[in-house]
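Values quoted throughout were computed directly from the atomic coordinates according to the rules given, and no laboratory measurement underlies them. These figures come from a predicted structure and were not determined experimentally. Here Cβ is always computed from backbone atoms with ideal geometry, including for glycine, and neighbour counts include all displayed protein chains.
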Amino acid sequence: MTLTAQLGAVRGGTARLYLAVARGAFRRYATYRAATLAGAFTNTVFGCILAYTFLALWHARPGLGGYDTRQAVTYIWISQALLVTVAVWGGGFQDDVQDRFRTGDIAVDLYRPVDFQGWWLATDLGRAGFHLLARGAVPTLAGMVLFDTRLPADPAVWAAFLVSVLLAVVVSFGLRFLVSLTGFWLHDSEGVRAVMLVVSMFFSGMLLPLALFPGQLGRIAAELPWAALISVPTDVLLERRTGTALLTGLAFQAAWAAVLLAAGRGVQLLATRKVVVQGG
Amino acid sequence: MAETLTARAAWSVRSWWLVAAMWTRSIMAYRISFTLMLLANIATNSLDFVVLLLMFRHTDTLGGWTLPELAFLYGTSGLALGLANLLVGSIDALGQRIRAGTLDIVLIRPAPALAQLCAERFSLRRLGRPLQAGALLAWSLSRLDVHWTPDRLLLMPMMVCAGTVIFACVFIGGASVQFWWDEAKELQNSFTYGGATMLQYPPTVFARELVAGTVFGLPLAFVNWLPALRILDKPDPLGLPAAFQYASPLAAALCVLAAAAAWRAGLRAYRGTGS
């Protein structure tokens, strides 16, 4: 075998490995059907409650923030569908890593012949794939039945939305990975995680569209990485971002994804240099 | 009989206290995490209110209610949920214990299982919500021009106590479901956290059927909506008799009976795997 062929085989093997890891994570989450159903129900209940509050607000101020009433209600349902998929709350691989810090198994992860960051990214993409199908579809359908919503008919918009959600998951992973790595210094990253949750819920647009934030705050929020989680994908699906705005939106997400993954890689190098394994 | 009942209640409270104290010591081992989490807890809970503030930058009333009136609902709802969560919130991890087989350990200890499970992983950081909600309630009362009468003064503590009991019963009732359906943990979030979110907004915002469901179905309307109509002198969107506005203790008592029945039925249905 020539050298290039060998390299190609290795690369193919790595891709296959990550695909297997992602598939495993997908199936792992798919195992808990009852929990998924319970979760989707909860998303639907919250969707209903929040949709009514938005209806009241848009009843008082029609066209607020450039959203018509149907778009505002749809915004609630899409954000509920994305909440768990892009892990705005945190969670997913973070729970596993946190446990592994506590038990010391994290040391095993570090000398596996697989990249630490790549491994967890693959599991998180698998998880997100399942959550998009299960916890995304149920609230979206419920919202369509119970309320007057506005979803696009153009398949191209849906395709752009899926790309945007994929990028949102990667940005979210980048943020959560950095939070998890603080465990190397603090032993327990729960506190940092809790702080991150506040920032993430607020600046992602999960609670209120960023367009409703006052002046300067709104402009700053739109440039922060959290805007990539909810704000950009919902605007894509609501067709508020089309043409050039769509491309800049996706580019914005991709840029943050790259920056955060690189930062995660850097911190990981620092962390592994200082790690001390206790006991045997 | 009465004496043994009192003795049993006292023993339950003491068991709860012992377990809670143990967890407090344990969690205090990570002080930085604890402080950050208490602050984050307060901040997380404040987010809902920040959203309300931002909403009120665009409008003066929501469903016919002003910002201080909404803050009153927000404060009373958060106070009731926060206190219930502090006292019994840990019970929602029941399903995990059933799956891991660690419920049996709780059952063989010479202390009431319910008291132990309610205090499990007790953390003072849960004080964040009642503190923040209480502060906002105080702010709203300072801004509102309530026409205080004896019945309104009495309704205030009655509402908070009954509301705490009602939410505590929803926690326990929801956890009882996990005896049969051990993955249902998130289901009860719909009714506890979802319910509390709903109660932060005026009933006029929601569909009448939904509001009726919180009066005659799961009686969350008694936590704050109904007494608030009396205290703030607002019209009742359902047009119910005024007696409903004073009926929170009765609703709480019914909830206790229902939650106790659910818990007993669940515990009786539980079979350990023996592993």
Overall form of the protein assembly as shown per C-alpha gyration tensor (a/c, 1.5; a/b vs b/c): oblate
For B:I98, B:I105, order by how many other beta-carbon atoms lie within 10 Å, fewest first: B:I105, B:I98
Helix A:244-274 versus the longest principal axis of chain A: what angle, 0 to 90°, nearest 10, using Cα atoms? 30 degrees
Can you tell me how region B:149-203 classifies by the Cα gyration tensor, rounded, prolate or oblate, using a/c under 1.5 as the rounded cut? oblate
Per chain B, cysteines lacking a partner by the 4.7 Å Cβ criterion: B:C118, B:C161
Ranked B:I108, B:I32, A:I230, criterion: other C-beta atoms within 10 Å, fewest first: B:I108, B:I32, A:I230
Working from Cα positions, state the angle (0 to 90°, nearest 10) between the long axis of helix B:31-55 and the longest principal axis of chain B. 30 degrees
Region B:2-269: relative contact order from alpha carbon pairs under 8 Å, six or more residues apart, as a whole percent, is 26 percent
Linear extension gain, B:W180 paired with B:D104, 0.36 nm per residue minus alpha-carbon span: 25.8 nm
For region A:12-89 and region A:163-235, what is the centre-to-centre distance using only Cα atoms, to the nearest Å? 15 Å
Please list 3J(HN,Hα) in residue order for region A:168-176, calculated via the Karplus relation 6.51 cos²θ - 1.76 cosθ + 1.60 where θ = phi - 60°; whole Hz, with x for glycine and proline. 4, 5, 5, 4, 4, 4, x, 5, 5
Chain A, relative contact order [Cα under 8 Å, separation at least 6], %: 24 percent
Within 10 Å of each candidate Cβ there may be at most 11 other Cβ atoms; applying that plus a DSSP loop requirement, which trypsin sites (Lys or Arg not before Pro) in region B:31-121 survive? B:R57
List the equivalent ellipsoid semi-axes of region A:13-274 in whole Å, largest first, each obtained as the square root of 5λ for an eigenvalue λ of the Cα gyration tensor. 32, 20, 17
